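Accompanying notes for the structure given below.
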4 protein chains.
Amino acid sequence: MAVIPDLSRRLAAEALGTAMLVTTVVGSGIMADRLTNDVALSLLGNTIPTGAILVVLITILGPISGAHFNPVVTMVFALRRDIEANASFLYIVAQIAGGMAGSLIAHAMFELPIIEVSATVRTGTGQWLAEAVAAFGLVFTILAGLRFRPDAIPWLVGLYITAAYWFTASTSFANPAVAIARALSNTFAGIRPADLPGFIIAEFLGALLAMALASWILTDQKPATQALNNLKGAE
Amino acid sequence: MAVIPDLSRRLAAEALGTAMLVTTVVGSGIMADRLTNDVALSLLGNTIPTGAILVVLITILGPISGAHFNPVVTMVFALRRDIEANASFLYIVAQIAGGMAGSLIAHAMFELPIIEVSATVRTGTGQWLAEAVAAFGLVFTILAGLRFRPDAIPWLVGLYITAAYWFTASTSFANPAVAIARALSNTFAGIRPADLPGFIIAEFLGALLAMALASWILTDQKPATQALNNLKGAE
Amino acid sequence: MAVIPDLSRRLAAEALGTAMLVTTVVGSGIMADRLTNDVALSLLGNTIPTGAILVVLITILGPISGAHFNPVVTMVFALRRDIEANASFLYIVAQIAGGMAGSLIAHAMFELPIIEVSATVRTGTGQWLAEAVAAFGLVFTILAGLRFRPDAIPWLVGLYITAAYWFTASTSFANPAVAIARALSNTFAGIRPADLPGFIIAEFLGALLAMALASWILTDQKPATQALNNLKGAE
Amino acid sequence: MAVIPDLSRRLAAEALGTAMLVTTVVGSGIMADRLTNDVALSLLGNTIPTGAILVVLITILGPISGAHFNPVVTMVFALRRDIEANASFLYIVAQIAGGMAGSLIAHAMFELPIIEVSATVRTGTGQWLAEAVAAFGLVFTILAGLRFRPDAIPWLVGLYITAAYWFTASTSFANPAVAIARALSNTFAGIRPADLPGFIIAEFLGALLAMALASWILTDQKPATQALNNLKGAE
């Protein structure tokens with residue numbers, strides 16, 4: 001009987017976390033874009049808050065829901081049977097709803113129309129490859145982090161996204177729920193709704209590739225504590 | 001009999017910490033504003049020092065006073081009966097006095113008039129919503145952090161404020177004592193005294209909302225160590 | 001019999017890690033260079049992602065291969081007999097191949113010709129001294145880190161490179177495999193192939209110097225836990 | 001008999017650490033200044049490397065010498081009898097010599113005259129107050145950090161200096177050995193030799209004030225582990 005309130009808390013944590021993540025991504029994009037004409041500086045003003053809030057959100061909500069905030073991550077855990085199929089579906093609904101709410105909150109704070117439709121074109125093979133690379137790296141980081149240093153996951157994800165905002169040509173959305181929410185904002189962080197399918201498909205493919213690699217490279221290893229002693233690369 | 005000197009040390013720690021926090025917020029704002037015409041760069045030069053000093057101050061003064069440095073945080077702990085009402089009142093007095101001193105020190109270093117009255121307009125529903133969101137996030141971060149990772153609180157607060165400076169339309173004051181001190185500085189970080197009440201009310205409302213959410217979502221959970229094993233989102 | 005798959009995983013980890021490192025160095029350089037005309041901002045947009053991804057990659061791949069990603073580091077461990085000569089040769093091959101792949105991936109994402117030849121001149125005694133200093137600092141950081149705080153190595157290396165990008169006149173390549181890969185990219189991070197030998201020789205010399213210093217200054221010390229108690233500098 | 005080699009290693013660590021610190025301060029200042037005309041961006045390009053290298057140097061050399069790198073810090077430990085008077089004198093000599101070497105190395109890398117005399121005026125009551133505040137904060141951070149979280153000292157000092165570069169009007173030299181070395185560089189980080197005495201006196205006064213405050217506020221407290229449980233500010 002205790003399972004239902006537990007699931008409701010988990011779903012609330014997923015919605016809250018995704019909302020705060022999107023508020024940060026969209027809000028800091030608006031702030032940066034208003035304050036400067038230098039686009040690199042805008043991206044920096046978008047990157048640092050996003051990386052920082054990810055460390056916070058995963059630390060404080062991870063113990064409740066696992067802090068997925070991302071349908072691609074939930075799918076990977078569902079395929080690994082770390083989360084039951086039923087809950088995973090509800091997780092994704094909560095993430096999408098939370099992400100949309102996050103976009104609305106950012107718009108309300110900055111006194112923009114509550115909902116917009118983004119006109120920012122983000123398409124083409126370079127962008128799709130970038131999203132696949134971004135999601136590959138994110139999922140591999142999570143799976144390898146869980147294998148060797150689960151306590152470090154909040155930092156690993158925050159730092160990975162900090163880097164991926166710059167090394168991918170797409171600025172690393174890497175998250176279908178966040179991508180949908182960003183389609184509702186015609187600001188720095190926006191994406192044209194017509195470009196969503198390409199991004200989302202690429203993200204799922206990248207995630208599956210990371211899962212395949214992880215299932216090979218992370219198995220048949222010595223336990224984490226012993227492996228840490230190997231840090232010097234000894235045989 | 002040992003209680004009175006102990007309380008005096010706690011109050012000194014609150015005053016010192018709030019002073020150093022305000023010196024950082026106001027001083028780095030003056031420095032950044034003098035060195036560049038790009039406002040995004042000024043905000044970055046204001047953000048990085050503020051986030052960094054919060055990690056330091058909470059780590060070194062937390063063991064003495066709890067490192068509130070913020071009347072909203074003290075109110076929350078008083079409502080939770082984590083601090084007695086009498087001490088909480090003195091904490092808030094120390095925070096306001098320390099904050100004012102911090103503003104004076106920053107002005108003296110930069111050879112400005114010791115006390116100014118800020119003329120920076122910060123008002124309107126967007127700004128008030130932003131302050132409520134900022135304080136909500138700060139208090140929720142602290143309460144969830146205390147529940148799951150109390151040793152990580154300094155980093156969580158530093159990183160949260162780093163993000164909130166950018167994702168809120170108000171640059172996240174989130175602290176009535178700091179807001180009052182900033183009203184005494186007609187520089188980058190200033191706020192017109194007439195705009196203080198709106199900010200302070202919004203901050204208290206955001207904090208109460210965070211407290212209400214925390215009282216539901218953080219209860220009836222498994223202990224932290226066990227919950228960490230759930231990081232993968234397993235049932 | 002289990003050794004061969006183990007070595008194959010280690011080599012895959014070295015190739016993957018060096019590839020992701022080069023994708024980050026080259027990709028973030030392209031991104032930053034496209035978004036701004038201010039070269040200091042480009043270097044900042046190159047520095048922050050590189051430092052961040054190093055913390056991630058060393059944390060998640062260190063337990064598999066030791067996370068060298070750098071022929072100079074592999075050479076040092078081979079000289080110390082921490083890795084057998086045979087494996088060390090294969091490590092270096094994997095690093096160079098992975099680095100080249102990383103450059104290709106960055107170019108594909110940003111829709112540039114897959115392979116370019118860099119025309120960026122980086123030569124002269126100042127540059128060579130800078131590379132020797134960069135590699136000296138990197139190797140000494142790793143050896144002293146392994147001696148006193150092996151768990152902190154990912155952060156130490158990420159922070160060291162963050163600093164060295166700015167304090168060395170060469171922006172701290174400090175890695176022959178990454179240097180070769182960067183010769184294949186005519187972008188912000190590139191280096192003219194003719195300038196590679198000078199860089200690579202200087203890097204090996206700096207590494208050997210660090211090894212010599214470490215063999216003296218790190219020996220005959222008290223164990224790490226006891227030494228930590230000496231942090232105050234007591235006799 | 002084992003004491004003399006031990007002291008020689010400690011002195012080498014102090015010289016090496018101060019040299020690398022000054023190379024970073026001066027070198028990153030030259031790099032930033034060459035790449036941009038925006039002085040705030042130059043200061044950021046000076047701040048981030050300095051904060052990063054401090055975390056590294058204190059972590060890897062702290063177990064050998066205590067990682068003072070600063071005559072003011074050595075004086076404080078000598079007054080506390082944490083280091084014998086004789087060694088403290090040699091420490092300060094090693095720091096000054098190492099700092100000078102660091103300035104030379106930076107100049108050699110950037111192909112400047114090996115020794116210059118700085119012409120940068122840094123004087124006046126605002127600057128002196130700033131240096132006193134900077135050294136006060138640094139020494140108090142170290143003493144309180146040693147009291148409650150000695151393992152966190154590298155991060156605390158790195159983050160403190162990151163903040164102090166911006167919140168003090170003097171950009172926080174806070175270190176006589178580094179100040180002397182910076183007088184030998186007519187670049188971004190320089191200081192006119194005639195202005196050294198004012199800076200150095202202010203730094204020692206700030207340090208003594210921090211020591212006095214620490215001797216009151218850090219005593220008669222409960223042990224650190226118990227105090228951590230007080231993080232909520234409970235009586």
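The values are calculated or read from the model by the stated rules, or taken from the named source; none is laboratory data. What you see is a predicted model, and the numbers here were worked out from it, not measured in a lab. Note that each Cβ is placed from the backbone with ideal geometry, even for glycine, and that neighbours are counted across all protein chains shown.
In segment B:98-122, of all residues being crowded, with 18+ Cβ neighbours inside 10 Å and over 20 Å from D:T168 (Cβ atoms), the one that is nearest to the chain's Cα centre (by Cα) corresponds to B:R122. Of the residues examined, B:G29 is one that is closer than 21 Å to D:G51 by Cβ, crowded, with 24+ Cβ neighbours inside 10 Å and modelled with pLDDT of 95 or more.
Could you please find all residues in segment B:43-72 being without any contact (Cβ under 8 Å) to a residue 12 or more places away in the chain and touching a Gly at 6+ places or on another chain (Cβ under 7 Å)?
From segment B:43-72, those without any contact (Cβ under 8 Å) to a residue 12 or more places away in the chain are B:60, B:63; that's our starting set.
B:I60, the sole residue that qualifies.
Kindly indicate the residue of segment D:32-42 that is hydrophobic (A, V, I, L, M, F, W, C) and surrounded by fewer than 24 Cβ atoms within 10 Å (Cβ to Cβ) and also farthest from the chain's Cα centre (by Cα) among those meeting that condition. The selected residue is D:L35.
Restricting attention to segment D:85-124, the residues being among the aromatic types (F, W, Y) and either more than 14 Å from chain C (Cβ to nearest Cβ) or part of a helix (DSSP H, G or I) (or both) number 2.
Quickly run through segment B:67-84 and pick out the residues that are in a helix (DSSP H, G or I) and either over 17 Å from B:V178 (Cβ atoms) or of a type outside the set (S, T, Y) (or both). Give the derivation first.
Residues of segment B:67-84 that are in a helix (DSSP H, G or I), as a first pass: B:71-79.
Across segment B:67-84, the qualifying residues are B:P71, B:V72, B:V73, B:M75, B:V76, B:F77, B:A78, B:L79.
For segment B:185-204, a residue qualifies if it is surrounded by fewer than 24 Cβ atoms within 10 Å (Cβ to Cβ) and farther than 21 Å from B:M31 by Cβ, and the qualifying residues are B:R192, B:P193, B:A194, B:D195, B:L196, B:P197, B:G198, B:I200, B:I201, B:F204. Given the condition touching a Pro at 6+ places or on another chain (Cβ under 6 Å) and at pLDDT 95 or above, answer yes or no: does some residue in segment B:67-77 qualify? Taking every residue of segment B:67-77 in turn, at least one turns out to be touching a Pro at 6+ places or on another chain (Cβ under 6 Å) and at pLDDT 95 or above. The number of residues in segment D:132-191 being under 22 Å from D:T219 (Cβ atoms), in a helix (DSSP H, G or I) and touching a residue at least 60 places away in the same chain (Cβ under 8 Å) comes to 12.
Scanning for something among the small types (G, A, S), part of a loop (DSSP other than H, G, I, E, B) and under 22 Å from A:E203 (Cα atoms), does segment A:44-61 turn up at least one residue?
The first filter runs over segment A:44-61 and keeps only residues among the small types (G, A, S), leaving A:45, A:51-52.
With part of a loop (DSSP other than H, G, I, E, B) added as a condition, the list becomes none.
No, every residue in segment A:44-61 fails to be among the small types (G, A, S), part of a loop (DSSP other than H, G, I, E, B) and under 22 Å from A:E203 (Cα atoms).
Selection of segment C:145-199 for residues being touching a Gly at 6+ places or on another chain (Cβ under 9 Å), among the hydrophobic types (A, V, I, L, M, F, W, C) and over 19 Å from C:G51 (Cα atoms) yields C:F148, C:I180, C:A183, C:L184.
The residue that is surrounded by the most Cβ atoms within 10 Å (Cβ to Cβ), counting only those in segment B:58-77 that are hydrophobic (A, V, I, L, M, F, W, C) and more than 9 Å from chain D (Cβ to nearest Cβ), is B:F69. Does A:I64 satisfy the condition of being over 29 Å from B:I48 (Cβ atoms), touching a helix residue (DSSP H, G or I) at 6+ places or on another chain (Cβ under 7 Å) and part of a helix (DSSP H, G or I)? The answer is yes for A:I64. So A:T120 ticks every box in (1) in contact with a helix residue (DSSP H, G or I) (Cβ under 7 Å, 6 or more places away or on another chain); (2) closer than 24 Å to A:D33 by Cβ but one. Which box is left unticked? A:T120 satisfies all of (1) in contact with a helix residue (DSSP H, G or I) (Cβ under 7 Å, 6 or more places away or on another chain); (2) closer than 24 Å to A:D33 by Cβ except (1). Please verify whether C:T24 is touching a Pro at 6+ places or on another chain (Cβ under 8 Å), in a helix (DSSP H, G or I) and farther than 30 Å from D:I30 by Cα, treating the condition exactly as stated. Here the answer is no, as C:T24 does not meet what is asked. Does A:R182 qualify as being surrounded by 19 or more Cβ atoms within 10 Å (Cβ to Cβ), more than 13 Å from every other protein chain (Cβ to nearest Cβ) and of a type in the set (K, R)? The answer is yes for A:R182. Checking each residue of segment A:4-17 against the condition of being buried (at least 24 other Cβ atoms within 10 Å of the Cβ), free of Cβ contacts under 8 Å to residues at least 60 places away in the same chain, under 18 Å from the mean Cα position of the chain (by Cα) and facing chain B (nearest Cβ under 7 Å) gives at least one match.
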